[in-house]
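Please treat every number below as a calculation from the coordinates, not as lab data. These numbers come from a predicted model, not from an experiment. Here Cβ is always computed from backbone atoms with ideal geometry, including for glycine, and neighbour counts include all displayed protein chains.
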Amino acid sequence: MALTQDDMKRAVAQAAIAYVPNDCIVGVGTGSTANFFIDELARIKNKIRGAVASSEASAKRLQGHGIEVLSLNDAGDLPVYVDGADEITRHMHMVKGGGGALTREKIVAAASQKFICVCDASKLVDVLGKFPLPIEVIPMARSYIARELVKLGGQPKLREGFTTDNGNVILDVHNLQIMNPVELETTLNQLAGVVTNGLFARRGADVLLLGTPDGVRTLT
Ligand code: 5RP
């Protein structure tokens, strides 16, 4: 029987457990693939000290499994961060933030020694940008940043009815062909009022566990 997308997500989540050292605090991402990882983590919860979550939703799911959730300030640097992506290239550059958790994801990833990206095969692309690029902005800067994004060739759309865990809004930028993700990430970071942009290129993934119909492929 053919594997479903959920089967592939579950398979990469299971494979990611091998990257979790004993007795550590694990960085945990957000989204449907990260949720599968949280469920797998629950099976080995007695072997870890706890987790740092990249969103309120992931924190809730972790706690629901009886896994202690620590603040990053208390946990210090983490050995490993496991999270999904909306798009990823073979160079390990990603677009993230489809679930709106990009800011905390980028912070926890930055504080982690290894970023293990867990995705089904549909996320692997040659060029980033088909998936609209999420940008978290301070609400008062929304229109200004939208105008700047148009100058950069994008078509920003406000994510209606959505507020981030940090109390901000998200602009999803359509129609970008991101040929140089490191440069664009840096450019977007310079816009006043941008909290975080969804390009994870300056600090990409270290390992990609890709769920395919033939099993889990590991890319480094
Ligand atoms: C959330 C994210 C997620 O990692 C991304 O949206 C992928 O989610 P999923 O595993 O559900 O496809 O960046 O902000």
- Task: State whether one or more residues within the stretch 195-202 are farther than 11 Å from residue 135 by Cβ and either touching a strand residue (DSSP E or B) at 6+ places or on another chain (Cβ under 7 Å) or in a strand (DSSP E or B) (or both).
- Result: yes
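Is it the case that residue 173 is surrounded by 23 or more Cβ atoms within 10 Å (Cβ to Cβ) and on the phi < 0 side of the Ramachandran plot?
Working: surrounded by 23 or more Cβ atoms within 10 Å (Cβ to Cβ): yes; on the phi < 0 side of the Ramachandran plot: yes.
Spelling it out, residue 173 is indeed surrounded by 23 or more Cβ atoms within 10 Å (Cβ to Cβ) and on the phi < 0 side of the Ramachandran plot.
What do you reckon, is residue 82 within 19 Å of the chain's Cα centre (by Cα), away from the ligand (no atom under 11 Å from the Cβ), surrounded by 17 or more Cβ atoms within 10 Å (Cβ to Cβ) and at negative phi? Break it down stepwise before answering.
Working: within 19 Å of the chain's Cα centre (by Cα): yes; away from the ligand (no atom under 11 Å from the Cβ): no; surrounded by 17 or more Cβ atoms within 10 Å (Cβ to Cβ): yes; at negative phi: yes.
No.
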- Note on the structure: Scanning the stretch 97-143 for residues that are within 11 Å of the ligand (Cβ to nearest atom), touching a Ser or Thr at 6+ places or on another chain (Cβ under 7 Å) and either among the polar types (S, T, N, Q) or not in a strand (DSSP E or B) (or both) gives 99, 100, 101, 102, 103, 104, 105, 106
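The rows are residues; the columns are (1) of a type in the set (Phe, Trp, Tyr); (2) within 16 Å of the ligand (Cβ to nearest atom); (3) touching a residue at least 40 places away in the same chain (Cβ under 8 Å); (4) within 17 Å of residue 108 (Cβ to Cβ).
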position: 35; (1), (2), (3), (4): no, yes, no, yes
position: 46; (1), (2), (3), (4): no, no, no, no
position: 78; (1), (2), (3), (4): no, no, yes, yes
position: 88; (1), (2), (3), (4): no, yes, yes, no
- Message: Need pairs with beta-carbon distance below 9 Å; first residue more than 14 Å from the ligand (Cβ to nearest atom) and within the stretch 1-14, second of a type in the set (Val, Ile, Thr); sequence gap 6+ or separate chains.
- Response: 3/212; 14/216
